[in-house]
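Asker: After the structure tokens below, expect a handful of questions from me.
The values are calculated or read from the model by the stated rules, or taken from the named source; none is laboratory data. On a predicted model such as this, the values are computed, not experimentally measured, just so you know. Note that each Cβ is placed from the backbone with ideal geometry, even for glycine, and that neighbours are counted across all protein chains shown.
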Amino acid sequence: MVQGRGSACQGMTIAVILLVSLVYCEIVHATTFTVGDSEGWTFNVETWPDGKKFMAGDILVFNYNKDFHNLVLVDKQGYDTCKPANGAKEYRSGSDSITLAKGQNYFICSLPNHCESKMKISVNAE
């Protein structure tokens, strides 16, 4: 009987190691993207995500002049109307890193007329 317990413990240990390995692989494979490339988070960046493939866990880096812009996480309505909901998460550091959630992720600059000038992106993460 003792031998049977040892085998069960070994099986559980292997299962735990495999699970941890899978989680680690997901973290290791995250990609970091700089929004707007060398131009950064600025006007007319709306099409920047086109042709790129994003995965949940990827990181978007938003570089911008904090004296003139901000970054706000919004929902689809906030993206479409350029108006963030009350309590929307706002960033103002000038260099913000955001980890993508699975599904659609929406970002705007909420300063007057910035979002309307295409300072917004919508990113779908698989």
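Asker: Go through region 86-108 and report how many residues are in contact with a helix residue (DSSP H, G or I) (Cβ under 6 Å, 6 or more places away or on another chain) and either modelled with pLDDT under 95 or over 26 Å from H29 (Cβ atoms) (or both). Lay out the reasoning, then the answer.
Answerer: As a first pass, look at region 86-108 and keep what is in contact with a helix residue (DSSP H, G or I) (Cβ under 6 Å, 6 or more places away or on another chain): 106, 108.
Subset that is either modelled with pLDDT under 95 or over 26 Å from H29 (Cβ atoms) (or both): 108.
Number of matching residues: 1.
Asker: Inspect all residues belonging to region 60-72 and state whether any of them is in contact (Cβ under 8 Å) with a residue 40 or more places away in the chain, farther than 22 Å from E39 by Cα and loosely packed, with under 15 Cβ neighbours inside 10 Å.
Answerer: no
Asker: Can you pull out the residues in region 51-99 that are within 13 Å of the chain's Cα centre (by Cα) and in a loop (DSSP other than H, G, I, E, B)?
Answerer: If we filter region 51-99 for residues that are within 13 Å of the chain's Cα centre (by Cα), which is where we start, we get 53-62, 71-74, 96-99.
K53, M55, A56, G57, D58, listed by residue number.
Asker: Determine whether F54 is in contact (Cβ under 8 Å) with a residue 60 or more places away in the chain, out of contact with any Lys or Arg (no Cβ under 7 Å at 6 or more places or on another chain) and aromatic (F, W, Y).
Answerer: Numbers: in contact (Cβ under 8 Å) with a residue 60 or more places away in the chain: yes; out of contact with any Lys or Arg (no Cβ under 7 Å at 6 or more places or on another chain): yes; aromatic (F, W, Y): yes.
It is true that F54 is in contact (Cβ under 8 Å) with a residue 60 or more places away in the chain, out of contact with any Lys or Arg (no Cβ under 7 Å at 6 or more places or on another chain) and aromatic (F, W, Y).
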